[in-house]
Amino acid sequence: MSEPATTVVNNHVLHKVTSESGYGTTLLKVASQFYYVFSDTFIGDLSTELEANPEILSLGVLDSEKRLLGIIERAYFFYLLGRPFGRDILIRKSVIDITQEAHLFPHDMNIFTAAGELGKLDVPRDRVQYYCLTNQSRQFYGMFSSIDLLSFMSQITQQDITLAADLQNRMVKESFTESGLGIQFFGFTQSAKGMGGDFYGVYQIGKDDWFFTLCDVSGKGVAASVITSMLWGMLRTADWRRGLGSIIQEINLALIQTFHLEKYLTGIFGIFSPETKEVRLADMGHSLGFLQRNGRIVKLEGAHLNLPVGIELNLQPKIVRLKLQENDLLTFMTDGIPEQTNEKGDLQEEEEWIQIMNSFILKENEPREKILEQFSAFRGILPQADDLSALFVKIE
């Protein structure tokens, strides 16, 4: 690659690299300082120019062949001049006498590779650091600071988080309604941090049967979002002819192989057959399932039969069968609802939350908003502590 072109600024004292701007994800993308001086420049002349150009925070010092010798940081430069008799002593000396050692990076190095290399350097972390960009011949291309790099990495991270949240919202919608022969599903979710680990889904399988699930992934944030994405993909491509237990085993194996027992999920996995009005249900350590029949609410048992998914390699899901009747309402929720405290530190009983939610499900056209209003009124000024989601299965 050709040497960087330059322009002269201010009476032949300051020079500026002008050859190319940052591209892709190379370090030139984050460079913010492009000025340099030659090593025989008088400190007094440089002082005049720096005072007139406060935007210059650091600059390179080059020899007559335009090879980088080191850097001068603005703060250090004026610190030296401000010492007792500092200006009188230094004003007629050359800048090479106060040039600082420079950390060099190839100007075309990938930003993320450089970030990893910087982590290995033994440099002070309590002040801004400057790093020079050069080619193999030490020609100067510019300079970036630790703040420049952090700002870029923060921007990239925020973009990734936003993308992950958007993708998750497409896979797990805030609310949905689905209905089939003799059955109606309704679900809603609200994450605590923009994206989380709650997941629900309803899929028609075969001619009339329906699969439904509500899961709570351990943790929150990006890692939990990755698992919900994986779960969504596996369920979308599952071979339902293999049976409910086999599907759960595949998910379990994928979690263990990918996250090595560091992540797991609790969940409800069920298949409803309209012809028999029977539900085959696997409660994988979740325990927050309820049946409302004839005005009476009963907590479903079965969580003690299974471990959460992603904990035991040789998982053998125990599946229970539940015969449903007309007007039965199955309600499943994640622990973000019953474990939310109010301003006094009190919890509301699980059955009380079920009664509240079911009343809105049976009466309201937009039950999600009503349920969230009730939830918000209960927690008061306290922030939402965890993701909250619920799935309802109504036999018509």
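Before moving on, here are some points about what is shown:
- Filter result (part of a strand (DSSP E or B) and of a type in the set (A, V, I, L, M, F, W, C)) within the range 72-113: Ile72, Leu104, Phe105
- The range 337-364: number of residues that are over 30 Å from the mean Cα position of the chain (by Cα) and not hydrophobic (A, V, I, L, M, F, W, C): 12
- Matching residues, the range 131-188, being part of a strand (DSSP E or B), under 26 Å from Leu231 (Cβ atoms) and in contact with a helix residue (DSSP H, G or I) (Cβ under 8 Å, 6 or more places away or on another chain): Ser175, Phe186, Phe188
- Residue in the range 276-284 that is in a loop (DSSP other than H, G, I, E, B), farther than 20 Å from Leu388 by Cα and assigned by TED's automatic domain parsing to the domain that holds Ala223 present: yes
- Flag if Gly142 is in contact with a strand residue (DSSP E or B) (Cβ under 6 Å, 6 or more places away or on another chain), among the small types (Gly, Ala, Ser) and not assigned by TED's automatic domain parsing to the domain that holds Met230: yes
- All positions within the range 41-63 that are farther than 18 Å from Ala102 by Cβ and not in a helix (DSSP H, G or I): Phe42, Asn53, Pro54, Glu55
- Residues of the range 310-334 satisfying the condition of being surrounded by 14 or more Cβ atoms within 10 Å (Cβ to Cβ), among the hydrophobic types (A, V, I, L, M, F, W, C) and touching a residue at least 60 places away in the same chain (Cβ under 8 Å): Leu315, Ile319, Leu324, Leu329, Leu330, Phe332, Met333
- Scanning the range 38-62 for residues that are of a type in the set (Asp, Glu), farther than 22 Å from Ser145 by Cβ and surrounded by 14 or more Cβ atoms within 10 Å (Cβ to Cβ) gives a single hit, Asp45.
- All positions within the range 348-395 that are surrounded by fewer than 17 Cβ atoms within 10 Å (Cβ to Cβ) and in contact with a Ser or Thr (Cβ under 8 Å, 6 or more places away or on another chain): Arg379, Leu382, Ala385
The values are calculated or read from the model by the stated rules, or taken from the named source; none is laboratory data. Just so you know, these numbers come straight off a predicted model, no measurement behind them. Note: ideal-geometry Cβ built from the backbone for every residue, glycine included; neighbour counts use all protein chains shown.
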